[in-house]
Amino acid sequence: MTLFLRRSTLAAAVAALSLSALAQAPATPANIASNATADPAVVAPNANLHLEGIPPIPKSIADSVAQYTEFRGHRYVGWHPKKAEMMVFHRAAGSSTNQLYWLKSPMGELEAITRHPDPVSGATIEPGEGKYIVFEASKGGSEAFQLFRQDAAGQSSVQLTDSNFRHARGPWRRVNGKSTGELLLASVPLDRNLNAEQRKNISTVYRLLDPLHPEKARVIAELPGTGWFGGSFNRAGNQLALTRYVSANESELWLLDVQNWQRTRLLPADDKTRASHLGGRFSRDGKGIFFVSDRDGEFRELMLYDLQSKAVRSLTKGVPYDVDGASEDDDEDEDSPVIYTRLNVRGKHELRAFDGKTLKPIEVKGIPDGTVSSVSTRRKSHEIVLNMVSARSPGDVYVLQPATGKLTQWTKAVSAMDTSAFKSQEVITWKSFDGLEISGLINRAPARFSGKRPVVINIHGGPEAQARIGFSGRWNYFVDQLGITVIQPNVRGSSGFGKTFLDLDNGYKREDSVKDIGALLDWIATQPDLDASRVLVTGGSYGGYMTLAVSTNYPDRIAGAIDSVGISHFVTFLETTESYRRDLRRVEYGDERDPKMREFLHSISPLTNAHKIKKPLLVVQGKNDPRVPYTEAEQIVAKARGNGSMVWYLRAENEGHGFARKENADFYFYAMVRFMQETILK
């Protein structure tokens with residue numbers, strides 16, 4: 001069990017065309033319709049894509065990138081409780097989205113379970129006999145997740161939850177090792193059902209749900225706010241360990257009595273301590289709770305809280321890397337369980353193990369090459385399941401016998417090309433404006449490309465996220481075929497570098513992270529193989545904000561920018577993001593209700609400074625985005641058009657916070673290549 005958490009004469013003419021006039025054209029129906037041409041020499045966008053200012057995309061682009069759009073990995077979901085068969089996520093050939101499949105033997109044929117109209121985001125198998133599954137999905141990328149029950153053989157699904165709420169599935173409840181057939185369910189209301197006053201006081205409702213009788217779901221707690229997540233039952237099934245998330249730097253560990261709703265904060269023990277306490281999972285003997293915390297230092301350690309003595313013991317004390325959760329061997333017949341965790345070692349996840357009784361480290365043999373994206377244990381077995389990612393694979397599933405090192409590969413990613421030559425990212429560092437060392441990952445253009453190479457700076461979201469070593473996918477096309485060097489910076493505020501670094505961009509310090517990119521531009525100018533006059537910046541979500549902020553703060557130092565689902569104005573963002581997220585974001589960005597903070601947020605917002613945008617801009621957005629509403633994109637597009645620069649806009653009507661459907665992601669990729677032809681590939 002796991003805890004937490006892409007030349008005809010016409011095409012050549014198009015490529016040589018100056019796009020300024022077209023880009024500045026107003027978004028009239030005629031202009032939009034002209035993009036949906038039936039000309040066989042260009043790519044016709046599908047009916048769900050709304051285009052403004054984007055020129056026809058030559059089919060030659062789609063043809064040249066085709067191989068780089070077909071990487072289809074696998075991800076383990078769970079074992080059948082009675083058979084040596086597992087359920088995995090996969091996108092089949094010709095399919096648009098990830099769905100669930102049965103895999104009945106190593107490297108065997110996949111048998112489809114779900115054919116849901118939207119991507120399936122998570123699933124679990126009924127733990128008794130494995131007769132049915134419960135999976136989650138949201139309509140059109142809305143993230144208003146609903147639960148569905150479906151027979152394991154693949155019959156039609158039945159929705160179990162109320163569409164007026166957003167739901168998060170927890171674990172199955174067990175009492176002394178036997179499943180009760182109940183799932184833990186946490187629900188928060190959606191803004192469309194609330195008035196302004198109700199949005200100020202949202203609570204999280206926890207229920208126990210029998211998927212065979214959803215009408216009988218019973219409430220076990222109603223908790224104030226929306227930061228509650230996780231959930232782990234003790235062996236008796238009468239207590240629940242929960243996390244209350246306040247911010248990236250502050251969270252609490254709570255204990256909930258399932259019978260009487262009584263809740264107790266376990267950690268921190270006082271109101272003065274500000275630290276993360278993430279977890280937790282009851283130890284097998286029920287006497288303690290495993291959790292991760294940075295309470296004793298810069299990095300998150302794996303810890304055990306003793307319920308009786310209230311003492312806290314660290315298993316990874318002194319290790320200068322963050323721990324990401326923990327799993328424990330579920331074989332209750334064994335006296336000494338094994339605890340597994342992952343260490344975030346410079347952006348690569350490595351597996352660690354500990355004896356469940358002595359809490360001492362244990363050697364694990366046979367771990368395959370790559371980064372461990374997740375580790376799961378199998379009930380009544382010493383086997384563990386590893387989801388592995390590497391520079392050459394988007395995801396493979398392995399089963400490992402830790403004691404012997406016997407490794408069995410269960411899946412092999414499907415690719416339209418040979419990925420064996422794909423190279424892993426390398427770590428680079430540079431000094432920022434205040435002397436702080438900033439790091440990032442780099443994929444340099446191959447040596448066969450002569451002269452100084454153009455650069456794409458790809459900024460991660462979050463901001464409490466991290467650029468990590470792994471599979472670059474279609475980004476390999478930019479490097480290997482176009483000779484572009486790609487840099488992924490971890491600016492201040494990124495996770496994985498200690499809690500002090502994580503806190504360096506909050507509130508009034510927001511633009512310090514933008515200055516980190518300014519320092520990166522300085523570093524690029526010192527590199528003999530990089531062309532500082534041909535730099536494109538891009539990013540999604542918070543990375544989208546950073547992209548727009550670089551466009552307004554360093555307009556003369558970049559050649560163009562691609563903003564995907566980015567924040568353009570902090571005040572309008574905070575006022576329109578879904579209410580279940582608003583307070584959590586206020587802690588990070590600042591509270592727009594405070595007049596002084598509101599003025600500061602207004603002053604630094606890209607929309608306020610949009611008159612400074614001088615270089616071409618491509619904005620990409622999902623219409624159903626609950627995090628960064630599409631209005632954030634449309635207001636920056638409208639404002640930037642007044643500068644006389646090239647502005648393209650791509651919106652998907654059936655997407656949310658990013659493009660999850662292949663046909664949409666492909667067209668976005670084609671547009672990126674076309675945009676690069678106009679900016680850094682001239």
Given 502-512, 179-189, the highest-first ranking by average Cβ count within 10 Å works out to 179-189, 502-512
Yeah, the stretch 360-500 with a ≥ b ≥ c from its alpha-carbon gyration tensor (a/c under 1.5 is rounded, else prolate when a/b outruns b/c, oblate otherwise) is oblate
Residues meeting the amide H criterion for G483 (H placed from the backbone, H to H distance under 5 Å, 5 or more places apart or on another chain) are none
Taking a ≥ b ≥ c as the square roots of the Cα gyration tensor eigenvalues, with a/c under 1.5 meaning rounded and otherwise prolate when a/b beats b/c or oblate if not, the stretch 182-279 comes out oblate
The chain accessible area per residue, 1.4 Å probe, protein heavy atoms, integer Å², reads 40 Å²
For the stretch 66-117, the percent of all C-alpha pairs falling in each 5 Å bin, from 0 up to the bin holding the max distance, is 4, 20, 30, 22, 13, 8, 2, 1, 0
Here the stretch 199-209 yields Karplus 3J(HN,Hα) values (6.51, -1.76, 1.60; θ = phi - 60°; whole Hz; Gly and Pro given as x) of 5, 7, 9, 8, 10, 9, 9, 9, 10, 9, 10
Highest mean packing first, using Cβ neighbours within 10 angstrom, the peptides 439-448, 165-174 sort as 165-174, 439-448
Among V345, M597, L315, the residue whose Cα sits farthest towards the positive end of the charge dipole of the chain, when +1 is placed on the Cβ of each Lys and Arg and -1 on the Cβ of each Asp and Glu, is V345
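Per DSSP H run of n ≥ 4, the term is -39500 (n - 2.57); total these for the chain, divide by its residue number, and report the mean residue ellipticity at 222 nm rounded to 500 deg cm²/dmol.
-5000 deg cm²/dmol, from helical runs alone.
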Relative contact order of the stretch 581-661 (C-alpha contacts under 8 Å, at least 6 apart) in percent is 31 percent
Given unit charges at Cβ for Lys, Arg (+) and Asp, Glu (-), the dipole magnitude of the stretch 514-588 about its Cα centre in debye, nearest 20, is 180 debye
Between V258 and residues 5 or more places away or on another chain, the pairs with built amide H atoms under 5 Å apart involve Q239, L240
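First compute the accessible area of the stretch 530-576 with a 1.4 Å probe, then give the percent of it belonging to carbon and sulfur atoms.
47 percent
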In terms of the charge dipole of the chain, which places +1 on Lys and Arg and -1 on Asp and Glu at the beta carbon, the residue among V455, A633, Q677 farthest towards the positive end is Q677
Among G644, P446, T161, the residue whose Cα sits farthest towards the positive end of the charge dipole of the chain (+1 at Cβ of Lys and Arg, -1 at Cβ of Asp and Glu, taken about the Cα centre) is P446
Checked the stretch 630-672 with the C-alpha gyration tensor, a ≥ b ≥ c its square-rooted eigenvalues, rounded below a/c of 1.5, otherwise prolate if a/b is larger than b/c and oblate if not; verdict oblate
Quick calc, the stretch 180-251, dipole around Cα centre from Cβ unit charges on Lys, Arg (+) and Asp, Glu (-), nearest 20 debye, gives 40 debye
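Charges only on Cβ, +1 for Lys and Arg, -1 for Asp and Glu: so what's the dipole of the chain about the Cα centre, in debye to the nearest 20? Don't skip to the answer; put the middle values down first.
Working: 85 positive and 79 negative charges, 95 e Å.
Charge dipole of the chain: 460 debye, to the nearest 20.
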Expected vector for the stretch 339-351, Karplus 3J(HN,Hα) from phi with 6.51, -1.76, 1.60 and θ = phi - 60°, integer Hz, x for Gly and Pro, equals 9, 10, 8, 10, 9, 8, 8, 6, x, 10, 8, 10, 7
Phi angles of the stretch 138-152, converted by Karplus (6.51 cos²θ - 1.76 cosθ + 1.60, θ = phi - 60°) into ³J(HN,Hα) in whole Hz with x for Gly and Pro, give 10, 7, x, x, 6, 6, 7, 5, 10, 9, 10, 9, 8, 4, 4
For semi-axes √(5λ) of the Cα gyration tensor in Å, with candidates [x] 61, 28, 24; [y] 46, 32, 26; [z] 41, 28, 26, the value calculated from the shown model is option [z]
For the stretch 236-303, the accessible surface attributable to carbon and sulfur atoms (probe 1.4 angstrom, ligands and nucleic acids excluded) amounts in percent to 43 percent
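The values are calculated or read from the model by the stated rules, or taken from the named source; none is laboratory data. Everything numeric in this text was worked out from a predicted model, so none of it was measured. Cβ atoms come from the backbone with ideal geometry, glycine included; neighbour counts cover every protein chain shown. With ligands, DNA and RNA removed, areas are computed over all heavy atoms of the protein, side chains included. Shrake-Rupley method; radii C 1.70, N 1.55, O 1.52, S 1.80 Å.
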